[in-house]
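The values are calculated or read from the model by the stated rules, or taken from the named source; none is laboratory data. Quick caveat: nothing in here was measured; it's all calculated off a predicted structure. Just the protein is used for accessible areas: all its heavy atoms, side chains included, with ligands, DNA and RNA removed. Shrake-Rupley method; radii C 1.70, N 1.55, O 1.52, S 1.80 Å.
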Amino acid sequence: MTATSAAVEVDAEARSILERAVAASFPPLHAVHHLLSVGVCMRCIFRMFGAFSQACSCASLTVSVLHSFLEEHDDSVKSESCSCLSTDEACCSVCFGILLPTCHQDGGVASFDDTARIDIITSMVSQAVQREGYQINEFSLEISLPAVVAANERSIRLYMKQKYGKENWFKDEIFSQQTMSVKEALRLLIVPSLEKQLDVKHGNNSFRIRLTYTHDDASLKLNSLLPNDHSRKRKTESREGNDTRRNSTYDDKQILSETDSFIHKTLEGIKDQEFCSLFQLPPEKVFKPCHLFISCLRSPIYIGGRYLKLSRNVSQSCWIIDDERMGEASVEEIIGENVRAICRGDGYKFHAAGREDIDVRMLGSGRPFLIEVLNVRSIPSVVEVQQIVENINSSEKKYVRVRNLKLVDNEIWAMMREGEAEKQKQYAALIWTSSPLTDDDLQKISAVKDMEIIQNTPIRVLHRRSPLERKRIIHWMEIEKVEGSSNYCLLHLCTQAGTYIKEFVHGDLGRTNPSIGAMLGCRAEILQLDVTDVKMDLLQ
């Protein structure tokens, strides 16, 4: 096929689309031309009148082609010095150039030829994904637009109603029945090109690409036009709280984002008559395009397993008081940092089925835990998960060990929370008693089966927990003397989750009843404590 015949074929495709649009859904051509002349872009015209899906993929369907078509079919359209063919830098007064991408990015203003605009935008997205090092097999697309887009579209609709409302062809529902939103139209334009650029499919995926369009000047101006009670309320809300970050770029963007959300809600509550009195119809032409911010985010992933804590100077979570670390390290940091490094995440959150004090070891089969890893660049393979295990377990400082580590779904979080309240826990405690233990004492303790105790919130945690009375069950106990001493013994016991073991031994000045000390009729102190089993089927 020659270049000439190819051009003819392309032109024929564009004209065929226009002819179908005119026959199916377009208003009279003089109204279409008038929309062009007041600054509405070709793509907004097509989407407002239900013809966008057939026109969006035709790169040859330009403003000049549309104008030529209008000129041929409508005598009122003049070919010379028509305002809709102006070569000025005006953007669409409805979509602000979003559907014919000319947008401000962090590097400046980007303006492209019609045929390449969408591909260049998607190329920017692809570069952002690659720059962050994401490994993906699918993506979902999120789009955020400034409220002024909705406001200007409403202005155009009301303007059309004012100008053509008495003509036979015009009906109020002409827009509501046919209009495709700017978001929908942009998605239809971008997704095919983005799939090609990224070489993966679009779907409902945990990896999200977000295109955030902002127009600070237009948004602030729109906010100033709102009824006084609305704008005054918005200004008051924006000034509340700490003002120390008001000059930061982040803070300005955050306030503008909140303002757009507020404007959307406010506009919905304004009736058409009031709207017409507040805003210019049609909206003024736009000469500054939107600013585009591209961001990528993956939903948290969860890696679960069981941990053993072998040190009596390692806390479960990072514990800092007055800028001073308590203990040598924490389970949270040892596991979390190793997981984050392999997954290349922004951060992590540590969740465990219960907790032990810093001076208590966690032995046996270990305690179930989850690491929630935020915005990971890659989802770890089975081999990489095993590498995490080896990195932790081969550490020179043998503080923590992990087992049964695996990638899990987020439902396991709810299962862990549900099972936490129902689980049983086993302990081994080294105890000193002020009186020597007799065989009868040992038999009395070992005979306990499902004994109910009452525990008031321990004195040692009253500063951070509510003063409550709790009933707990001691399921069984076994006690044996330490060889060579009648005042030291080793107590093995199984209890209901949430039992304060230290207080059960010494009584906490009578706040736990009964206690080991009360049962033996002497003073009892716990010297060392280990958790030997957490009875949950989870992550075995």
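Ligands, DNA and RNA left out, the 1.4 Å accessible surface of the stretch 415-458 is 49% carbon and sulfur atoms. Surface exposure of the stretch 447-506, expressed per residue as accessible area with a 1.4 Å probe, stands at 53 Å². Straight Cα distances below 16 angstrom link Lys271 to the lysines Lys161, with same-chain residues fewer than 8 positions distant left out.
Hey, which lysines would be in cross-link range of Lys349, C-alpha to C-alpha under 29 Å, not counting anything within fewer than 8 residues on its own chain? Qualifying lysines at Cα under 29 Å: Lys253, Lys309, Lys397, Lys398, Lys406, Lys423, Lys425, Lys502, Lys535.
Shown here is the pair-distance distribution of the stretch 269-421: with all Cα-Cα distances grouped in 10 Å bins from zero up to the longest one, the shares run 10, 32, 25, 9, 7, 10, 7, 1 percent.
Between the C-alpha center of the stretch 350-371 and that of the stretch 432-448 there is a gap of 30 Å. For Trp319, the residues whose amide H sits under 5 Å from its own are Met326, ignoring neighbours fewer than 5 places away on the same chain, with H placed 1.01 Å from N.
For Asp74, no residue has an amide H sitting under 5 Å from its own, ignoring neighbours fewer than 5 places away on the same chain, with H placed 1.01 Å from N. In the complete set of protein chains, residue-level accessible area for Ser485 is approximately 40 Å², probe 1.4 angstrom.
The 3J(HN,Hα) values that the Karplus relation (6.51, -1.76, 1.60; θ = phi - 60°) gives for the stretch 355-360 are, in residue order, 8, 10, 5, 4, 8, 10 Hz. Gly and Pro appear as x.
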